[in-house]
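Okay, structure first, notes after.
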Amino acid sequence: MRESVTVYKKITIIVLLTLVLGACSNFSSGSEKGKASDYPTKPIEVIVPFAAGGSTDVAARTIASVAQKYLPNGQTLVISNKPGGGGAVGLTELLSAKPDGYTIALASAGSISYQPLYGNTSYSKDSFQSITMVNTVPQLFVVNADSPWETFDEWLKYAKENPNEFKYGTAGTGIPSHVAMEALNIAAGIKTTNVPYEGAAPTVTALLGGHIDGAIIQPTDVKSHVKSGELRVLANVGETKMKGFEDVPFLTDKGIDVAVDVFAGFIGPKDLPEDIVDILDEAFKKTIEDPELTEKFEKLGIIPKYGNPNDFQKVITDTFESSKTVVEKAGLLD
C-alpha cells in the first residue's frame, strides 16, 4: 500500500512539473511575441538621400502621410534629407546606423543599384536589408518651352550637328538619368554634356533659370511645370507609359534602344531583425494598397508597385547587373 502511495505521489509531482514547465514555456513565447509587437515605440527616421522637394523626397513624404494609419502603436515616419553623391551620402550614413528599426532609408535605383558600380561607395548592392519596394517611375527628357526644339527629331538633328553643345542636368553623376542619356548618346551617335546637381529640385531650378538646356528627370519633378507651359517633354526615356503623358514618344519609338525606368523602396541596416522587417513590410504593403496613396501617387506621376523583401532585393540586384553593361559601354567606369 505504501509503495502505491509513493508511486502515486511521484506521478503527481511529475505531472505538476510538466504543467509548470509548459506554462513557463508559453509565458516565454508570449513574452517574445509581446516584445515584437512593442515595435515601434517612437518615430522612425527615414533617410532620403536626395534634396528636399525632389521626386524621392516627395514620394517619401507622401508615403509617410498614409503610413501612419498602419504603423503599430500610432507611430510615424520622420523624413531626414541627406543629399550628395547621387544618393551615396545618405546610404553611407544608414550603413553605420543601429539595426533597431528606428533608422531606415528610402533608396532609389540610382543610390542602391547604380552608385556601387563605380567603386566609390563604402557599400554594395547587398550591404543592406531590403524591406519593401514601393514604386516604379519612367524618366522624361524635357527642355524649356521657349527652346528651339519642338520635337525629339528636331533636337536630335541639332545634337548631331553640335557635339557637346547641349547641356543637360541630372540629379547626380552616374545615376539612372545620367546613364540613360549616355546610352542615348551611344545609340544615336551624339555627344552631350552632363551637369550634375544634388537632387532633382535644383536640377529643375537650373533648367527653368536657363542655366542648362534640358534634363532627364522623373515626371514628379516636372509635371506642374509641363502643365503650366514652362517645360516641354520631348521623349519618354523609360518603358512605362504615364497618365498625362500618353502622347509622348518612347525612345524605342524612334528606333533608339534605350529604356530606363527607376524604382524606390525601403531598406535598413543589414542586421535588421526579421520580426521588425516583417512589421515594416506589412505596414508599407497596406500603405501602398491604400486608395489614398494611389490617388496621391497618380497626381504626382508615380506608379505604386509593391515588392516584398525578397522581390525587392532581386530588383536591386538585377538592375545592378543590367546597368553594369550599359555603364561599361558608355565609358563611365573610366
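Descriptive notes on the structure:
- Using R0 = 35 Å, the C-beta based FRET efficiency linking K227 and K285 works out to 0.65.
- Selection from G172, G210, T319, by position along the positive dipole direction of the chain (Cβ): T319
- Ordering of 110-116, 243-249, 96-102 by packing [mean C-beta count within 10 Å, highest first]: 110-116, 96-102, 243-249
- Proximal aspartates and glutamates to K191, defined as alpha-carbon separation beneath 13 angstrom and excluding residues fewer than eight positions away on the same chain: E161, E165, E182
- CD proxy at 222 nm, helix term only [per DSSP H run n ≥ 4: -39500 (n - 2.57); per residue of the chain; nearest 500]: -14000 deg cm²/dmol
- Residues listed by number, segment 289-325, amide nitrogen under 12 Å from I186 label point at 7 Å toward C-beta: 322-325
- Exceedance of the 25 Å cut-off in Cα-Cα distance is limited, within the set K241/K299; K299/K324; K125/K254; K243/K286, to K299/K324; K125/K254.
- Applying 1/(1 + (r/R0)^6) with R0 = 35 Å to the Cβ-Cβ distance of I79 and A206 gives a FRET efficiency near 0.90.
- Whether segment 282-334 is rounded, prolate or oblate, judged on the alpha carbon gyration tensor where a/c under 1.5 counts as rounded: oblate
- FRET efficiency for the D318 to D278 pair, using the beta carbon distance and R₀ = 22 Å, is estimated at 0.40.
- Inter-site label distance for N310 and T325 at 7 Å from Cα along Cβ, in nm: 2.6 nm
- Neighbours of T103, meaning other residues whose beta-carbon lies under 14 angstrom from its beta-carbon, give a summed charge of 0 when Lys and Arg score +1 and Asp and Glu score -1.
- Rounded if a/c under 1.5, otherwise prolate or oblate - segment 140-254, Cα gyration tensor axes: rounded
- Here's the picture: charge each Lys and Arg Cβ at +1 and each Asp and Glu Cβ at -1 in the chain, and of L71, W149, N310 the one pushed furthest to the positive end of that dipole is L71.
- Assigned charges on the beta-carbon of Lys, Arg, Asp, Glu; segment 140-254 dipole about Cα centre (debye): 140 debye
- In plain terms, the chain from K299 to V195 could stretch by 34.6 nm, reckoned as 0.36 nm per residue minus the Cα-Cα distance.
- Local electrostatic count, F152, Cβ distance below 13 Å [Lys/Arg +1, Asp/Glu -1]: -1
FYI, it's all coordinate maths here, none of it is from the lab. All figures in this text were calculated on a predicted structure; none of them were measured in a lab. Using ideal geometry, Cβ is built from the backbone for each residue, glycine included, and neighbour counts are taken over all protein chains shown.
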